[in-house]
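What follows is a short report on a single structure.
The values are calculated or read from the model by the stated rules, or taken from the named source; none is laboratory data. These numbers come from a predicted model, not from an experiment. Because the Cβ atoms are built from the backbone with ideal geometry, glycine has one as well, and the counts that use them run over all protein chains shown. We work out accessible area using only protein heavy atoms, side chains counted, and drop any ligands, DNA or RNA first. Shrake-Rupley method; radii C 1.70, N 1.55, O 1.52, S 1.80 Å.
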Amino acid sequence: MTKTKLYLVRHGKTMFNTIDRVQGWSDTPLTPEGKQVIQHLGVGLQSVPFEEAYSSYSGRAIQTARIILQQHEQKETIPYEMDERIREWGFGSLDGGYNNTLWALLARLLNVDSLEDISKVSVTYKELAEAILAADTTGWAESYEQIEERVWTGFEDIAQKREQNAGGNTLIVSHGYTIAFFLSLIDASRPVQFDLINGSVTTVTYEHGEFTIDTVNDTNYIEKGKSYQTQQHLL
């Protein structure tokens, strides 16, 4: 049996990413720059043998997955599905607002000075989720337990299905906080992480019910694709 490996991609840069707005369950399309970077990524991943591909239901994740698959050598034969469980965290009434407003409010609720301090001190994802829930005025934000359940079962079900079908590689386009949070569920010692780059690749392997983190926030596939496309342009 081939090893089961998940390639977790953060979606391409969007309009809200560019103007620094909170983008949880709200959605905006990829910018021209965002599309270009994902095209580079797709070229960089084009020879990786994917057995299947998934994305969240968010438009930005769907758009990213389609661009990547359009570049792939086996694009006609890779099954593609969407899974709502691997969507981004929801921020309730704070969704769509400016990031500095969100993080200033959360920093006060968490008794830290800034966003950077959340990553440096012992703030947990549970405390972060509870602060978001407390700040939300709509009742739309999820509890920590709800996020944990859907994120873990979403990724685990995908991995188990692939392992039961002889293993191999699976492409999954998801979101920054969701991917980082999933990594913390694999390794509880990981701090809260906010710096996953748009288009970065994080890989984990799955074997006999256990996940292992291989690489995090890798942009080498983007650079590989960019280099290849530049060379082709010069020919």
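Worth a mention:
- Loop-located GluC sites (Glu not before Pro) in the stretch 110-209 whose Cβ has at most 10 other Cβ within 10 Å (DSSP): none
- A 1.4 Å probe run over the protein chains yields, for the chain, 47 Å² of accessible area per residue, whole-number rounding.
- Accessible-area composition of the chain, carbon plus sulfur, in percent [1.4 Å probe]: 49
- Alpha-carbon centroid distance for the pair the stretch 181-200 / the stretch 103-174, whole angstrom: 9
- Candidate values (1) -0.40, -0.49, -0.58; (2) -0.46, -0.55, -0.66; (3) -0.92, -0.95, -1.00, label of the one derived for log10 I(q)/I(0) by the Debye sum over Cα atoms at q = 0.10, 0.11, 0.12 Å⁻¹: (2)
- Among ILE172, ILE86, ILE158: highest mean-square fluctuation, GNM of the chain, C-alpha pairs under 10 Å: ILE158
- Partners for LYS224 among lysines (Cα-Cα distance below 28 Å; same-chain residues under 8 apart left out): LYS3, LYS5, LYS13, LYS35, LYS75
- Relative contact order of the stretch 54-211, pairs being alpha-carbon contacts under 8 Å that are 6 or more residues apart, as %: 28
- Cα-based shape type of the stretch 151-223, given that a ≥ b ≥ c are square roots of the gyration tensor eigenvalues and the cut on a/c is 1.5: oblate
- Calculated [222 nm] ellipticity per residue, helices only, for the chain: -14000 deg cm²/dmol; basis is -39500 (n - 2.57) per DSSP H run with n ≥ 4, divided by all residues, nearest 500.
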